[in-house]
Structures are given as C-alpha cells and as structure tokens.
1. Thr79: net charge of surrounding residues, Cβ under 10 Å, Lys/Arg +1, Asp/Glu -1, itself excluded?
2. Along the Cα→Cβ direction, 7 angstrom out, place labels at Val215 and Asn101. What is the inter-label distance in nm?
3. What percentage of the solvent-accessible surface of the chain, computed with a 1.4 Å probe over protein heavy atoms, is contributed by carbon and sulfur atoms?
4. What 222 nm value per residue comes from the helices of the chain, counting each DSSP H run with n ≥ 4 as -39,500 (n - 2.57) and dividing by all residues, nearest 500 deg cm²/dmol?
5. Which of the helices in the chain, when you take each full DSSP H run, stretch at least 18 Å along the axis at their Cα atoms and have an average Kyte-Doolittle score of 0.0 or higher?
6. Give me, ordered by chain and number, the residues 5 or more places off Ser43 or on other chains with an amide H under 5 Å from its own placed amide H.
7. Quick one: Debye curve from the C-alpha atoms of region 31-169, no solvent, what's log10 I(q)/I(0) at q = 0.12 Å⁻¹?
8. Taking amide H atoms as placed 1.01 Å from N in the peptide plane, list the residues 5 or more away in sequence, or in a different chain, whose amide H sits under 5 Å from that of Met135.
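The values are calculated or read from the model by the stated rules, or taken from the named source; none is laboratory data. This one's a predicted model, so the numbers in the text were calculated from it and none came from an experiment. All Cβ positions, glycine included, derive from the backbone under ideal geometry; neighbour counts span all protein chains shown. What goes into the accessible areas is simple: the full protein's heavy atoms, side chains included, and nothing from ligands, DNA or RNA. Shrake-Rupley method; radii C 1.70, N 1.55, O 1.52, S 1.80 Å.
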Amino acid sequence: MSSTDLAAASAALHGQWDRLRSWVAEVVDDDVVDAPSVLDGWSVAELVAHLGRALDALAVCTPLPDGTVPYTLAEYVGTYVARAQDIADTTRDLAEQIAPNPLKAVDAMAAAAFANLDALGPSDRVVQARRGPVMLSTMTVSRVLELVVHADDLARSVRRARGTGAGPDPIDPAALALVADALLDIVVARGGWSLEVADARRWVRLAAGRTPYDVDELARALQPQHTSEAVPDLGRMLPLL
C-alpha cells in the first residue's frame with residue numbers, strides 16, 4: 001500500500017475508535033459488563049479489554065530495515081486461528097488487571113497506539129508486529145478490522161443481554177467499507193473472481209465467521225461485477241479469520 005493508503009487507513013482507525021469509544025462509555029454499563037458476549041467463552045468486559053489489546057499491537061510495532069519482506073493482510077490475519085487460545089487467555093488476564101477502571105486503561109493503550117502510528121508514519125514502511133513483519137498500512141488496516149468486528153460483537157452482545165436495542169451504531173461507515181473491501185480483496189486475490197460488496201456488514205460477518213456460512217447469505221453480501229456471472233461458493237475459503 002502507498003502512503004496515501006496509509007493515510008486512509010489511519011483516518012479510518014481514528015474514526016472507528018472515536019465512535020466505538022463513545023459508544024462503550026454510553027452503553028456498556030454495570031448491567032451488561034459481566035454478561036456473556038456473543039463470542040463463546042468471552043464476557044462483554046473481556047471484549048472491551050480486547051479493544052485495548054488490539055490497539056496495543058500497533059503501539060508495540062517497531063521499524064524494520066528496507067527490503068524486509070512483509071506479510072500480506074491475508075497472511076497476517078491468517079495467524080489468528082492458531083493463536084486463538086493464547087489470545088483468549090491473554091485477554092482474560094488483561095480484563096482482570098484493568099477491571100478497576102477498564103476505560104482508563106484502554107484509553108491509555110489507544111493513545112500509545114496512535115502516538116506510535118504518528119511516529120512511524122506518514123510514509124509507509126515495514127514494521128515488526130507481534131506476529132511478524134508487516135507494512136504499517138497493513139497493520140493499520142488490521143486494527144480497523146479488529147475494531148469493526150468487535151464493535152459489531154459488542155453491539156450484538158449488549159442487545160442480547162438487555163433484550164432490547166444497543167443504542168446508536170458503534171461502527172463507523174467509512175471504517176466498515178474499508179474492512180469489507182480489504183476482506184474481499186483477500187478472496188479475489190485467491191480466486192480471481194470479479195466481485196463487489198453488496199452489503200458490507202453482512203459480508204464482514206460472514207468473512208469473520210460471525211455468521212454461519214450460507215450460499216444465500218453470501219449472495220446477499222456480495223455480487224458479481226458483471227451480470228453474466230454469479231457469486232462463487234466460498235464455503236471452503238470462509239471464514240478468513
């Protein structure tokens with residue numbers, strides 16, 4: 001990605017974080033914080049803690065020499081599955097540590113992340129992330145992805161816990177569009193199809209494994225660019241995370 005792409009990813013990350021942070025402060029209260037989330041084995045409090053950890057991954061990035069071969073976004077997010085248990089355990093530990101004032105702790109991690117993003121930019125470069133070398137722009141997109149997916153997790157969790165609405169939408173439209181396109185790019189790169197997003201939220205849920213795979217659901221999420229073509233069966237490829 002170019003430095004222009006890094007700027008767009010950075011703007012999306014700021015926009016998504018600002019919107020989600022306000023939503024958490026408004027909606028996640030004592031009535032729902034200890035409730036189980038829509039992710040098996042995770043509480044709402046642990047999801048909130050994970051927001052901080054997701055941003056902390058950007059805070060700890062360091063520059064690498066020119067010529068270092070970086071992971072693609074697909075390769076980087078592809079490491080999540082093998083580390084799922086470690087991610088869950090680390091998140092639970094963090095949630096316990098920050099329980100006295102979780103938002104203060106998450107705010108500190110977010111501030112460190114954005115400060116490091118500014119320090120490493122504005123030109124794109126290869127950085128060392130927790131799971132390997134990656135372009136700064138790709139790392140930033142992966143953080144937008146984390147915030148968008150978990151914002152949706154949180155909204156659905158609060159809605160289920162309350163049996164009613166979860167307040168305003170915590171997902172920033174520009175961030176959602178960026179994530180949907182990035183996930184579609186992974187699919188297109190692997191299969192060579194000509195596809196476009198028809199329903200961004202539906203597509204992100206499918207790609208992230210939040211919605212069980214279904215060909216009819218996929219046909220509502222994606223559409224072919226040419227009317228003579230059809231949406232392929234992506235059952236062997238999804239979820240991507």
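1. Net charge in that neighbourhood comes out at +2.
2. Label at Val215, label at Asn101, 5.6 nm between them.
3. Of the solvent-accessible surface of the chain, carbon and sulfur hold 50 percent.
4. Counting only the DSSP helices, I get -19000 deg cm²/dmol.
5. 44-59, 102-120, 136-162, 173-191
6. Under 5 Å from the amide H of Ser43: Ser37.
7. -0.51
8. For Met135, whose amide H was placed from the backbone, the distant partners under 5 Å are Tyr71, Val127.
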